[in-house]
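In what follows, a single structure is set out as structure tokens and then discussed.
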């Protein structure tokens with residue numbers, strides 16, 4: 001026994017004893033760490049922490065899970081094991097290994113754990129408040145039936161419904177977390193991020209009243225616009241305005257009552273939007289937007305007047321076109337092309353083409369007036385130029401048509417007179433009249449006079465040269481005989497005493 005005591009009194013014995021004690025401390029510490037980690041895991045499983053965090057982070061959607069219990073249990077286990085390792089290294093007289101771990105544990109226990117605990121406490125309070133706010137928003141929206149009313153007023157289909165209450169509740173939930181985020185970061189000692197966030201939130205909160213006022217203004221204006229549209233539409237329907245519109249083809253969704261109601265609805269919404277933008281007091285946004293809307297509103301009377309001019313002109317043009325078509329068809333205008341020797345193919349008759357041209361002309365004049373009402377003089381000038389050109393085209397067609405009629409009449413007169421070469425003479429006369437009328441039509445179109453005169457002269461010259469060649473080449477024998485007779489006469493005169 002004394003020998004054993006003497007052995008453990010030696011340095012080797014002391015070392016073996018310390019090693020055994022360190023081993024016992026390690027085993028017991030390991031067991032304790034496992035037990036504590038198991039207890040922590042069981043407690044967290046009881047409170048269902050991982051599912052709560054998963055629901056909070058995923059917005060209540062299924063399919064997302066976090067194994068929080070296992071992570072926290074492992075952290076607790078290794079934290080206890082660090083203390084056990086410090087005790088083991090101290091028992092083994094290894095301060096060079098124990099002191100860094102001890103310093104780390106001191107830093108963790110005195111700095112990090114209080115900070116993390118305070119941050120976790122803040123997050124817990126934020127979670128409680130956010131959950132309570134989400135519950136209140138959801139219940140309040142259900143009691144007020146916000147989803148059903150908004151879906152009804154917005155005329156959304158069943159498959160396209162948007163759960164506004166759920167969106168608002170989720171937004172409120174995360175808004176509470178955003179409010180606590182700077183405090184949580186400050187508790188963790190991350191001031192480099194916390195301070196800019198605090199400044200940003202301060203600026204955002206300065207604009208919250210303005211945003212709220214703008215939202216309230218727009219919502220109230222939207223409801224007022226809907227109510228006014230409904231009242232005006234029902235009133236005009238009851239008065240019988242739609243029956244007048246049906247006579248001009250305005251039925252169904254294009255009924256007069258609905259059109260007037262939609263116009264008033266748009267006006268109210270535009271004024272409401274301007275007021276809402278003014279409430280924001282953000283000059284960079286409200287300034288250009290307000291200016292644009294004011295410009296649009298100031299242009300609405302001109303747009304309305306231009307549209308009214310075009311609509312009235314269209315119905316007047318249709319009426320005049322129908323009258324012209326009936327008048328021309330009654331006086332036999334449809335037979336004019338056949339008299340001119342033209343066979344027109346297609347579904348439209350000549351009188352219908354004239355009616356269409358008259359409708360087009362009236363609409364072009366109305367478009368010029370509408371462009372002037374809108375202040376677009378450039379467009380008005382373009383339309384005026386187009387009308388002038390169309391007038392020239394019509395006059396050119398009339399001139400060529402008269403020339404065609406005269407050419408056919410001249411040909412008929414020559415053929416009826418008979419005689420030798422009557423067919424040839426009739427063709428030449430008809431071609432000459434057509435060439436002359438074509439030249440006049442081209443000059444009416446504004447084609448350069450020099451080009452027309454040159455072309456006309458070239459054609460006449462070509463006809464003259466062709467006639468001369470035909471006469472000359474075809475009469476060589478006759479001309480030779482006449483010349484021989486003339487020379488013979490001259491010789492006989494010279495021989496007479």
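Across region 175-332, C-alpha contacts under 8 Å between residues 6 or more apart give a mean separation that, scaled by the residue count, equals a relative contact order of 21 percent. Subtracting the Cα-Cα distance of residue 30 and residue 75 from 0.36 nm times their residue separation leaves 14.8 nm of extension gain. Each of the peptides 256-265, 393-402, 295-304 was scored by the mean count of other Cβ atoms within 10 Å over its residues; in descending order, highest first, they stand as 256-265, 393-402, 295-304. Note on residue 372 and residue 146: the extension gain reaches 76.5 nm, defined as 0.36 nm multiplied by sequence separation minus the Cα-Cα distance. If you model region 191-281 as an ellipsoid using its alpha carbon gyration tensor, with each semi-axis the square root of five times an eigenvalue, the axes come out at 46, 11, 8 Å, biggest first. Each label was represented as a point 7 Å from its Cα along the Cα-to-Cβ direction; for residue 410 and residue 106 these points are 12.7 nm apart. Ranked from largest, the principal axis spans of the Cα set of region 169-232 equal 63, 22, 11 Å. Once C-alpha pairs closer than 8 Å and six or more residues apart are averaged by separation and normalised to the residue number of region 191-281, the relative contact order reads 44 percent.
No lab work stands behind these numbers, since they all come straight from the coordinates. Keep in mind that this is a model prediction, so the values were computed, not measured. In this analysis, Cβ positions are derived from the backbone assuming ideal geometry, glycine residues included, and neighbour counts consider all displayed protein chains.
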